[in-house]
1. Using 0.36 nm per residue of separation minus the Cα-Cα distance, give me the extension gain between T42 and K66 in nm, one decimal.
2. Based on the Cα gyration tensor of the range 44-83, what are the three equivalent ellipsoid semi-axes, each the root of five times an eigenvalue, rounded to whole Å and given largest first?
Amino acid sequence: SRTKRLGMVLNSCSTPNSLALIDVKGFDPRDITVTVKDGKVTVSAERKLECNTGLTKTCNYKKFVKEFSLPPGVDEKEVTYSV
């Protein structure tokens, strides 16, 4: 079977050729946040996984942050994204 990979695509309606694909493999879509502010797009994801076996308790923490500037002329209000 094929392994599913999550990717986030950001696209602007005013410049259809502006496209960014960000690999967020290992994160649930609910753990991903996208903000567009001051001409920059920030994609962040955070997850915490706790495992309790009765004798021991382990915690796995994973965080991802990627920020980049929008191309000139792109209106922040027109930026769309999907997971």
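1. That works out to 8.1 nm of additional length.
2. 40, 10, 5
Values quoted throughout were computed directly from the atomic coordinates according to the rules given, and no laboratory measurement underlies them. Since the structure is predicted, the reported quantities are computational estimates derived from the model, not experimental observations.
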